[in-house]
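The next block holds one structure in the form of structure tokens; read it before the comments.
The values are calculated or read from the model by the stated rules, or taken from the named source; none is laboratory data. Here the structure is a predicted model, which is why all the values come from computation and not from measurement. Counting neighbours? That spans all protein chains shown, and the Cβs are built from the backbone with ideal geometry, glycine included. Please note that ligands, DNA and RNA were not included when accessible areas were found on the heavy atoms of the full protein model with its side chains. Shrake-Rupley method; radii C 1.70, N 1.55, O 1.52, S 1.80 Å.
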Amino acid sequence: MTKCILITGGAGFIGSHVVNLFVNKYPDYKIINLDALTYAGNLENLRDVENNNNYQFVKANILESEDLRQIFEQYQITDVIHLAAESHVDRSIHSPLDFVYTNIVGTVNLLNTAKQLWNKEEDHLFYHVSTDEVFGSLGETGYFTETTPYDPRSPYSASKASSDHFVRAYHETYGIPTIISNCSNNYGPNHFPEKLIPLFINNIIHQKPLPVYGDGNYTRDWLFVKDHAVAIDLIFHKGQRGSTYNIGGFNEWKNIDLVKLLCRLMDQKLGRQAGQSENLITYVKDRPGHDKRYAIDASKLNKELGWKPSVTFEEGLSATIDWYLNNTEWLKNVTTGNYQHYYETMYQNR
Ligand code: NAD
Ligand code: TYD
């Protein structure tokens with residue numbers, strides 16, 4: 001059976017890299033990109049593949065179960081890679097219900113559609129893309145493994161944890177073939193400038209303050225988005241049904257050290273005086289419930305499927321900065337016009 005893969009959230013940050021990879025690498029697959037085009041979705045991210053014969057964009061909302069049924073039937077969807085979500089912790093603190101609807105109800109809608117329409121005799125897969133934030137917050141040592149108990153602490157991570165539980169429940173209860181991966185913080189091209197790295201790149205370009213939460217001594221494990229897409233490809237094709245995989249960068253950075261590195265690199269690239277961008281660092285009120293440290297143990301994925309990140313952080317960050325400097329029009333488009341409200345409310349929520 002030829003695969004027809006429904007990729008949800010394919011106009012967003014990570015989804016766009018997954019769509020680009022699959023459309024180019026698998027000309028025999030049909031890739032249906034389902035996205036509601038919220039503030040985080042942008043069809044400019046798909047320019048390179050939009051005219052490919054094996055690619056189709058469908059504007060739809062995962063909250064609309066009738067639309068999902070119709071799309072599954074029309075395209076004879078064989079597999080799902082589910083990335084559509086509300087994804088920003090700060091917004092989840094401000095508007096938790098949006099996260100309940102999209103991340104929990106939307107995921108259950110998709111699962112229900114698969115349950116109703118997929119034949120048990122055929123080979124299907126529901127691949128759910130999730131986050132390491134479901135595991136909660138680490139102290140100074142230790143790593144999240146696939147067996148770390150869930151302990152979400154923000155409305156975002158609570159909604160993702162719940163969706164993970166539903167995916168597992170549909171596997172156990174109804175026999176839907178599922179896989180979940182839990183990944184650490186991504187960075188790279190196409191990232192809406194609300195998360196730390198793209199927000200600070202944009203602010204450095206415009207010489208605006210860099211709002212570091214609390215004392216900046218919070219740790220994240222950063223992974224280049226294209227390496228995440230490669231991991232998803234590998235897990236989609238070779239991962240064990242009913243299983244979960246942790247994906248991480250083996251790359252922990254305290255926020256303040258990361259921000260200083262970013263400032264140094266950008267001063268060099270912009271031909272600015274050394275130290276100029278660091279002067280923009282402004283310590284601001286901490287995020288409520290701020291998770292102290294995330295760190296992923298991705299050795300299962302490494303041992304079972306041979307995956308490891310392909311670029312160092314310095315290489316990935318440098319490529320990311322170059323992308324933003326070469327795509328100032330993209331940055332302008334996502335911070336003005338229809339998007340301006342979303343860009344500005346991010347600041348209001350602080
Ligand atoms: P994003 O916010 O950049 O993109 C989300 C996409 O989903 C957007 O294109 C948006 O239009 C779409 N969408 C939102 N609500 C929708 C709805 N109701 N119906 C249809 N489409 C809808 O997110 P991202 O950073 O690319 O994250 C993608 C997935 O990966 C999410 O599930 C997220 O939880 C997970 N994840 C993200 C990270 C990260 O660092 N960004 C890390 C690990 C896991
Ligand atoms: P973020 O990119 O929002 O990802 P997440 O909260 O999902 O890890 O934030 C990364 C880290 O940077 C987190 O510790 C919060 C911090 N942060 C700031 O200090 N200032 C900011 O303006 C933002 C957006 C994040």
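Across the range 31-71, the relative contact order, built from alpha-carbon pairs under 8 Å that are at least six residues apart, equals 49 percent. Only alpha carbons enter this Debye calculation for the range 215-350, each as an equal point scatterer, and the log10 of I(q)/I(0) it gives at q = 0.11, 0.16, 0.18, 0.21 Å⁻¹ is -0.58, -1.11, -1.24, -1.31.
Its DSSP H runs of at least 4 residues, each contributing -39,500 (n - 2.57), put the calculated 222 nm mean residue ellipticity of the chain at -12500 deg cm²/dmol, to the nearest 500. In the calculated pair distance distribution of the range 34-143, what percentage of Cα-Cα distances lie above 25 Å? More than 25 Å apart: 33 percent of the Cα pairs in the range 34-143.
Note on the chain: with a GNM built from Cα contacts shorter than 10 Å, the maximum mean-square fluctuation among Thr328, Thr102, Thr78 falls on Thr328. Plainly put, the range 139-253 has a radius of gyration that is 1.02 times its Kirkwood radius, both from alpha-carbon atoms, as the Rg/Rh ratio.
Take the chain with all the other protein chains still there, run a 1.4 Å probe, and you get 42 Å² of accessible area per residue. Cα gyration tensor of the range 218-298, axes a ≥ b ≥ c as square roots of the eigenvalues: rounded (a/c below 1.5), prolate (a/b > b/c) or oblate? Oblate is the answer for the range 218-298, as a/c is 1.5 or above yet b/c matches or exceeds a/b.
Using 0.36 nm per residue and subtracting the Cα-Cα separation, the extra length available between Gln273 and Arg241 on full extension is 6.2 nm. Computed over the range 41-113, relative contact order equals 36 percent, with contacts defined as Cα pairs under 8 Å that lie 6+ residues apart.
Quick one: with all protein chains in place, what share of the accessible area of the chain is carbon or sulfur, to the nearest percent (1.4 Å probe)? Write out the running numbers ahead of the final one.
On the way: 7010 of 14790 Å².
Heavy-atom surface of the chain belonging to carbon and sulfur, 1.4 Å probe: 47 percent.
Computed from the C-beta positions of Glu172 and Lys59 and an R0 of 35 Å, the FRET efficiency is 0.60 to the nearest 0.05.
Between Leu270, Leu210, Leu301, where does the largest GNM mean-square fluctuation fall for the chain, given springs only between Cα atoms within less than 10 Å? Looking only at Leu270, Leu210, Leu301, the biggest GNM fluctuation is shown by Leu270.
This model, with +1 at the C-beta of Lys and Arg and -1 at the C-beta of Asp and Glu, gives the chain a dipole about its Cα centre of some 400 debye. Given a 1.4 Å probe and the protein chains as shown, Ser310 ends up with an accessible area of around 90 Å².
Placing a label point 7 Å from the Cα of Lys260 along the Cα-to-Cβ direction, the residues of the range 186-205 with a backbone N closer than 19 Å are 197, 200-201, 204.
I need the per residue convex hull volume for the chain, using only the alpha carbons, in cubic angstrom as a whole number.
Details: hull volume 44.7 nm³, N = 350.
Convex hull volume per residue, Cα atoms: 128 Å³.
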